[in-house]
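J.: The structure's right below; bear with me while I get my questions together.
The values are calculated or read from the model by the stated rules, or taken from the named source; none is laboratory data. Owing to the predicted nature of the structure, the values given are computational and were not obtained by experimental measurement. A quick note on method: Cβ atoms are made from the backbone with ideal geometry, for glycine too, and the neighbour counts reach across all protein chains shown.
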Amino acid sequence: TVGCVALDQQGNLAAGTSTGGMTNKKFGRIGDSPVIGAGTYANNESVAVSCTGWGEFYIRHVVAHDIAALMSYKQLSVEEAAAAVMAKVANAGGDGGLIALDKAGNMAMPFNTEGMYRGAVDRHGNIEVKIYK
Amino acid sequence: KQYTLVIHGGAGTIVKTAMTSAKEAAYEEVLTKALQTGYHILQEGGAALDAVEATIHVLEDSPLFNAAKGAVFTNNGRNELDASIMDGRTLNAGAVAGVTNIRNPITAARAVMEKSEHVMLSGKGAENFAQQVGVTLVDPSYFYTQDRWDALQRALKKDSTAAGENVDNRQAAKAGTVNRDDKFG
């Protein structure tokens, strides 16, 4: 799975996710990250989110939208909200990770697997790329 | 720091000891190129939506990640792709699921969002729609990579070995609750 979240100069957020799903999947399973609200969500009032991981858990926990809701209703920061929702996924037995970017340009990249291919660029063009914890 | 663009290329069991320095460098190169692509659009005053789509193109076009070219195989040896996109300004969203011949599924998802009254299209219908609105189609063989094919063969072998061995495992597999860690690419 790959994903991207962005904040433009007009203050607009967007999120996208693209995946090949899971190896050896059957029955026309649709899962993983691209279900809107589960694996992908963007709202200019709060945050843009793209997820990767064990899709069934992201759907059951409506992960991407839950992060936005925690930020809107409980005024959590993007880091706090992302960590709280990833903890729900982990406690239920799911794994994976996500990227989130709020309307002020703060980001979070939590994951509970051995690694997650990830990267970010700040407004000055400074690039960070990481793979492992 | 104020960030403008963040990406991921999948999470999972990424064993450091199994990663060669050349392979690690290849991942870093593509991730960096993706970030530069999106950043350039944003720096020029472009829309977040355009930056997201262009950035994901770079990752979809690379065989290193489980999306588009380099996607994993289903049980029947096909590459079935899903993608979605959402615009935070309007709360519009679009998605495609189970498509097999769309070169960049993220572009098809955006087309669903912008050129249809629907949110998600699946399978053959999604492919027909993509063709009608001019999204680039490819032969399904475009998505093939040897590594992913070999991974499917290993998974199929594991399936046949496990068959009849453990009823609980088979039931869990049917329910989709066995995590074989095969899905993150």
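J.: Could you check how many residues of segment A:22-51 are of a type in the set (Val, Ile, Thr) and at pLDDT 95 or above?
T.: Looking only at that region, the number is 4.
J.: Continuing with the same structure: Tell me, yes or no, whether segment A:112-127 has at least one residue that is of a type in the set (A, V, I, L, M) and either more than 7 Å from every other protein chain (Cβ to nearest Cβ) or farther than 20 Å from B:Val52 by Cβ (or both).
T.: no
J.: A further question on this structure: When you go through (1) touching a Gly at 6+ places or on another chain (Cβ under 7 Å); (2) at pLDDT 95 or above; (3) among the β-branched types (Val, Ile, Thr) one by one for B:Ile14, which number turns out not to apply?
T.: All conditions are met except number (2).
J.: Can you list the helices (runs of 4 or more DSSP H) lying wholly within segment B:91-181 that have 1 or more residues being of a type in the set (A, V, I, L, M) and modelled with pLDDT of 95 or more?
T.: Per the criteria, B:105-115, B:123-132.
J.: Any residue in segment A:112-119 that is among the hydroxyl-bearing types (Ser, Thr, Tyr) and in a loop (DSSP other than H, G, I, E, B)?
T.: yes
J.: Related question: Only residues that are within 7 Å of chain A (Cβ to nearest Cβ) and either acidic (Asp, Glu) or at positive phi (or both): list them for segment B:25-61, please.
T.: Listed by number, the residues that qualify are B:Glu28, B:Gly45, B:Glu53, B:Glu60.
J.: Now a separate question. May I ask you to list the residues in segment A:87-100 that are assigned to a helix (DSSP H, G or I) and in contact with a helix residue (DSSP H, G or I) (Cβ under 8 Å, 6 or more places away or on another chain)?
T.: The answer is A:Lys88, A:Val89, A:Ala92.
J.: Which one of these does A:Glu56 not meet: (1) in a helix (DSSP H, G or I); (2) more than 7 Å from every other protein chain (Cβ to nearest Cβ); (3) not β-branched (Val, Ile, Thr)?
T.: Only one criterion is unmet by A:Glu56, namely (2).
J.: Moving on. Let me confirm something: among A:Ala69, A:Ala64, which residue is within 15 Å of the chain's Cα centre (by Cα), more than 9 Å from chain B (Cβ to nearest Cβ) and assigned to a helix (DSSP H, G or I)?
T.: Result: A:Ala69 is the single residue among A:Ala69, A:Ala64 that is within 15 Å of the chain's Cα centre (by Cα), more than 9 Å from chain B (Cβ to nearest Cβ) and assigned to a helix (DSSP H, G or I).
J.: Tell me which of these B:Asn76 doesn't satisfy, since it passes every other one: (1) of a type outside the set (Val, Ile, Thr); (2) surrounded by 19 or more Cβ atoms within 10 Å (Cβ to Cβ); (3) at pLDDT below 95.
T.: (2)
J.: Does B:Lys124 count as away from every other protein chain (no Cβ under 11 Å), basic (Lys, Arg) and out of contact with any His (no Cβ under 9 Å at 6 or more places or on another chain)?
T.: Judged against the criteria, B:Lys124 is a match.
Conditions (1) on the phi < 0 side of the Ramachandran plot; (2) among the hydroxyl-bearing types (Ser, Thr, Tyr); (3) away from chain B (no Cβ under 11 Å), marked per residue:
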{"site": "A:Leu13", "(1), (2), (3)": "yes, no, no"}
{"site": "A:Lys25", "(1), (2), (3)": "yes, no, no"}
{"site": "A:Ala42", "(1), (2), (3)": "yes, no, no"}
{"site": "A:Ser46", "(1), (2), (3)": "yes, yes, no"}
{"site": "A:Gln75", "(1), (2), (3)": "no, no, yes"}
{"site": "A:Met86", "(1), (2), (3)": "yes, no, no"}
{"site": "A:Gly93", "(1), (2), (3)": "no, no, no"}
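J.: Can I ask one more? Residues in segment A:43-87 that are basic (Lys, Arg) and without any contact (Cβ under 8 Å) to a residue 24 or more places away in the chain: how many?
T.: Final tally of qualifying residues: 1.
J.: Right, another one. Pick out the one residue from B:Glu24, B:Glu29 that is under 19 Å from the mean Cα position of the chain (by Cα), more than 19 Å from B:Pro140 (Cβ to Cβ) and surrounded by fewer than 17 Cβ atoms within 10 Å (Cβ to Cβ).
T.: Selected residue: B:Glu29, the only one of B:Glu24, B:Glu29 that is under 19 Å from the mean Cα position of the chain (by Cα), more than 19 Å from B:Pro140 (Cβ to Cβ) and surrounded by fewer than 17 Cβ atoms within 10 Å (Cβ to Cβ).
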